[in-house]
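**Q** Here you go, one structure.
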DNA sequence: AGAAGGAATTAACCCAGGTTAATTTTGAGA
DNA sequence: TCTCAAAATTAACCTGGGTTAATTCCTTCT
């Protein structure tokens, strides 16, 4: 794997947002990490102290309740920063795990030293705010669809939002994203077929 | 109303978070705005271009669906920044309104000039990131309780989280926060009484 | 190709919460 | 204090999704 290329991809991701980040601060050691389909980047409950950047591939954020039911919080597609902002910032355990939906290439940096250097940089802070805003808006949209829409509507929305995943990942995972059982999803699909 | 006092309260709110904000940048004209119980600071669909600070009182964030059903997204208690980050940043219409649950005192500043000055200030940016993180964490918690808990559990949690609101606001509003009908909430309360 | 284990479908039954509507309680204004 | 409208309760009925379990359909491994 070409390290310089990955690093360039990472920087390009930030730069294209239009914030002037001063990369001279950026001297951290990068780590390259391939993650195979089905494997976890990290599991729920682990401490996360790195900033992850998904260079290629797709992942899902998944949490498991005490009663053993899994819930897919969201999907993410490269190129993108991934990880648990919450856990990383607070230094606590992650409330969810990140699982590869296909073979992925992920690079990472130690968060604290990264952030300590980067907080010196206004461009980075702005960029970070922007990132927070984006996932915040996504969360708001998911919340509202939860409250307002039926499971059927949410499934149809899913098919539009993630056409590439619709026939690629197991239905269980789709069901857990919609927060229904696989049985209920199967019923919905059947209902849709018949019309 | 003592303008200097309000301004001090606003600054104190930021300062206590421990970020060194350079208030010399802060030359914006402040606007004082009392909002009476039941009135709206702004309605869903309005353009919001001010930064609001809730000095005293409590409010709720409420959105109305196309079918006319209202949903209470969250409650906020002074002292706190309130408003629609999303709408303010993007310059779009607010997806919810803010209604006073009691007589409130609110101060505000024009957002864009405020932010343009403040983005010069690293302390402010950090503080803003921190604010985003906080509401983000709240959103995550609400999402997870939605998926994992029954309406009854959510009502009991509400009673713990907002003891001061439990007997103060109409049950309709509590129901709309739990995302159930007032009828269902009444049933739940009755069930709880009987045990 | 055959075996085995997981994924999806289908069916039967249950229950929480929605809907509608009638009834009672509450509270603000005259 | 009385009045009237809005809020809350209660009842009857309905529906979507959960649960369990049996069956079929893939995959993948040998």
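Laboratory data are not the source of any read-out in this text; all were calculated from the coordinates shown. All of these numbers come straight from a predicted model, not from anything done at the bench. With ideal geometry, Cβ positions are generated from the backbone for all residues, glycine too; neighbour counts draw on all protein chains shown.
**Q** Distances from residue A:116 to the same position in the other copies: list them in nm, one decimal, shortest first, using label points 7 Å from Cα along Cα→Cβ.
**A** Relative to the other copies, residue A:116 has label-point distances of 3.7 nm.
**Q** Express the Stokes-Einstein translational diffusion coefficient of the stretch B:149-195 in µm² s⁻¹, to the nearest whole number, given a Kirkwood radius over alpha-carbon pairs, 4 °C and a viscosity of 1.567 mPa s.
**A** On the way: Rh = 10.6 Å.
Calculated translational D: 122 µm²/s.
**Q** Calculate the mean, over all residues of peptide B:59-67, of how many other protein chain Cβ atoms lie within 10 angstrom of the residue's Cβ.
**A** Rounded to a whole number, the mean comes out at 1.
**Q** Sticking with this one: Taking N as the number of residues in the stretch B:83-195, what is its alpha-carbon radius of gyration divided by 2.2 N^0.38 Å?
**A** Computed over Cα atoms of the stretch B:83-195, the ratio equals 1.38.
**Q** Using the alpha-carbon centroid of each, what span in Å lies between the stretch A:5-33 and the stretch B:107-186?
**A** Answer, in whole Å: 34.
**Q** Rg (Å, one decimal) plus Dmax (Å, integer) for the alpha carbons of the stretch B:31-104?
**A** Considering the stretch B:31-104 through its Cα atoms, Rg and Dmax are 11.7, 35 Å.
**Q** Follow-up question, since we're still on this one. Run the simple label-point estimate for residue A:93 and residue B:130 please: 7 Å along Cα→C-beta, distance reported in nm.
**A** My value for the distance between the label points is 2.7 nm.
**Q** What is the Cα radius of gyration of the stretch A:66-140 over 2.2 N^0.38 Å, N being its residue count?
**A** 1.25
**Q** Quickly work out the residue A:11-to-residue B:12 label distance, labels modelled 7 Å from Cα along the C-beta direction, and quote it in nm with one decimal.
**A** The answer from the label model is 4.7 nm.
**Q** Note the distances from residue B:80 to each other copy's matching label point, with points 7 Å along the Cα-to-beta-carbon direction, in nm, sorted shortest first.
**A** Result for residue B:80, in nm, nearest copy first: 2.8.
**Q** Moving to a separate point now. How far is helix A:151-161 tilted, in degrees, relative to the longest principal axis of the Cα atoms in chain A, given as a value from 0 to 90 rounded to the nearest 10?
**A** 40 degrees
**Q** Please give the length that would be gained between residue A:27 and residue A:116 if that part of the chain were fully extended, namely 0.36 nm times their separation in residues minus their C-alpha to C-alpha distance (nm, one decimal). Kindly include the intermediate steps, with their values, before the conclusion.
**A** Values: separation 89, 0.36 × 89 = 32.04 nm, distance 1.18 nm.
Length gained between residue A:27 and residue A:116: 30.9 nm.
**Q** Further question: Run through the other copies and list how far each one's label point is from that of residue A:45, in nm with one decimal, shortest first; the point sits 7 Å from Cα along Cα-Cβ.
**A** Relative to the other copies, residue A:45 has label-point distances of 4.9 nm.
**Q** Quantify how much of the Cα-Cα distance distribution of chain A extends past 22 Å, in percent.
**A** 52 percent
**Q** Right, something else. Obtain the radius of gyration and the Kirkwood radius of the protein assembly as shown from its C-alpha atoms and give Rg over Rh.
**A** Rg/Rh for the protein assembly as shown comes to 0.98.
**Q** Multiply the residue separation of residue B:102 and residue B:80 by 0.36 nm, subtract the distance between their alpha-carbon atoms, and state the gained length in nm to one decimal. Don't skip to the answer; put the middle values down first.
**A** Values: separation 22, 0.36 × 22 = 7.92 nm, distance 1.52 nm.
Gain in length upon complete extension: 6.4 nm.
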